1. Just check region 1-97 against the gyration tensor rule for me: Cα atoms, a ≥ b ≥ c as the square roots of the eigenvalues, rounded for a/c under 1.5, and otherwise prolate or oblate depending on whether a/b exceeds b/c.
2. Specify whether the C-alpha gyration tensor of region 1-53 places it in the rounded, prolate or oblate class, a ≥ b ≥ c being the square roots of the eigenvalues: rounded for a/c under 1.5, otherwise prolate if a/b is larger than b/c and oblate if not.
3. Stretch T73-R50 to full length: gain in nm at 0.36 nm per residue minus the Cα-Cα span?
4. How far apart, in nanometres, would the label points at I88 and D7 be if each is projected 7 angstrom from Cα along the Cα-to-Cβ direction?
Amino acid sequence: MEILQPDSWAEALEAKAAHPEAKPIAGGTDVMVELNFDHIRPPEILDLTRIRELTEWAPENGRLRIGAGVPYTRLIAELGDRLPGLAIALAGFCAGASGSRPFAPTLLGGGNARSSSAVGLSRSSV
């Protein structure tokens, strides 16, 4: 299995176009479970962790753009005053992931929001 590691969003799109079967990964919770249980075996993994735009949030055209790679705890800390409902929901989700789950502070919103998944978590507040 080849690991593709683009450094920009443009490079990621080019890599995906050149390797349409590549499986995108950032946090990896869902993808790693699928790999471990042999549910998927893509020829390439498209590692998105180097793409700056996915780890940032910013106001854009009267809206708030949140990158899929922004950790939940960072969203709570930096946007809790602007989006209290989101902060409360994320805090509940992180609490459901804590305890014996040391990775809870690093959970990324993109994958779990996409799949509505709490894979690997002891309980979920979703």
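1. Since a/c reaches 1.5 but b/c is at least a/b, the shape of region 1-97 is classed as oblate.
2. On the way: a/c = 2.86, a/b = 1.55, b/c = 1.85.
Oblate.
3. Roughly 6.3 nm would be gained on extension.
4. It works out to 4.4 nm between the two label points.
Readers should treat all values here as calculations from the given coordinates under stated rules, not as data from a laboratory. Just so it is clear, the model here is predicted, and its values are computed rather than measured. Every residue, glycine among them, receives a Cβ derived from its backbone with ideal geometry; neighbour counts consider all protein chains shown.
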